[in-house]
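Step one of this worksheet: look at the structure below.
The values are calculated or read from the model by the stated rules, or taken from the named source; none is laboratory data. Treat the numbers as computed from the prediction; the structure is a model and nothing was measured. Neighbour counts run over all protein chains shown; Cβ positions are idealised from the backbone, glycine included. Side chains included, ligands, DNA and RNA excluded: accessible areas come from the protein's heavy atoms. Shrake-Rupley method; radii C 1.70, N 1.55, O 1.52, S 1.80 Å.
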Amino acid sequence: MKRPFLLLAAGLLAVACQKKDPDVTPREIEDPDWIKLEIKTISSSDEAYSIWGDIDKTLLVSTRAHIFATSDQGKTWQELKNFYGPTYGLVSRNDTLFALSSYRIDTPGEIMATYANYCTTDLGKTWVYTFTVPGGYEKYSNLSQPFGRVEAAGITYRTQENTQPIANSTSRLVLASDLLRTDGAGQTKMRLPAGHYLKGLYLDGKQRLYVAASGVRFDLTTGQASNATVSRPAVVYVSRRPRP
């Protein structure tokens, strides 16, 4: 007669141990406004830079060194190319996609992605030097696009870097970035699920906003990095509705 009682006690003990296990990570609560994609790479802590495509079809994202693609809404990622450095923009012209590997700062302080070094005609499966394409250098050498800024129907979205002075130093501490929305009524700060360094922005054909972000997270109250040494994958946020 003691056996059922012992089995019940063992079961309760197992449940109690699971609840106290510090290695069990709770699942993130799904955000009502944003879809979160993570790109797990060999880098200890990566960040997304530029985006092109459609989350419902094929999406390309550049990180600190690579170009990745997903065709299943971020469940799996395929490494397409190692550029050994960031790609600051992905620009399509007809059936060709160009990777912009440099940037410049214009007079108003706006960052522009520039220098179409590589291009692809098969969604990133193969890449060739742009200057090897007939007339490629003359046609495409001056390609550029804003980095961290997109516009549509009178609305502008842009990222803003924030810093604060460091005591007894000429350097400044970089804090979490802001995502800003400007329209005819003025400028507002948009909410994201977490604080990050923010990089490139993108609008797809359905006018959904994509935000490229660092894996490093920030305390939303202080704006400073929390657990900065913890390895975290690059992040992309996708708005659930057109142009939030």
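A few remarks follow.
- Taking the conditions (1) at pLDDT below 90; (2) surrounded by 12 or more Cβ atoms within 10 Å (Cβ to Cβ) in turn, GLN164 satisfies each one other than (2).
- Counting only residues that are open to solvent by less than 50 Å² (accessible area, probe 1.4 Å), at pLDDT below 90 and out of contact with any Pro (no Cβ under 7 Å at 6 or more places or on another chain), the stretch 177-219 holds 2 of them.
- A search for C-beta distances below 8 Å between a residue of the stretch 133-149 that is free of Cβ contacts under 8 Å to residues at least 12 places away in the same chain and any residue that is in a helix (DSSP H, G or I) and not hydrophobic (A, V, I, L, M, F, W, C), counting only pairs 6+ apart in sequence or on different chains, returns TYR137/THR130.
- Residue within the stretch 142-158 that is part of a strand (DSSP E or B), open to solvent by 30 Å² or more (accessible area, probe 1.4 Å) and more than 28 Å from LYS206 (Cα to Cα) present: no
- Residue within the stretch 130-141 that is in a loop (DSSP other than H, G, I, E, B) and closer than 22 Å to VAL238 by Cα present: no
- Residue identified as open to solvent by 70 Å² or more (accessible area, probe 1.4 Å), farther than 17 Å from ASP204 by Cα and without any contact (Cβ under 8 Å) to a residue 24 or more places away in the chain among TYR84, TYR103: TYR84
- Taking (1) open to solvent by 50 Å² or more (accessible area, probe 1.4 Å); (2) not in a strand (DSSP E or B) in turn, GLY223 satisfies each apart from (1).
- Test result for THR114, in contact with a Gly (Cβ under 6 Å, 6 or more places away or on another chain), crowded, with 17+ Cβ neighbours inside 10 Å, at pLDDT 90 or above and part of a strand (DSSP E or B): no
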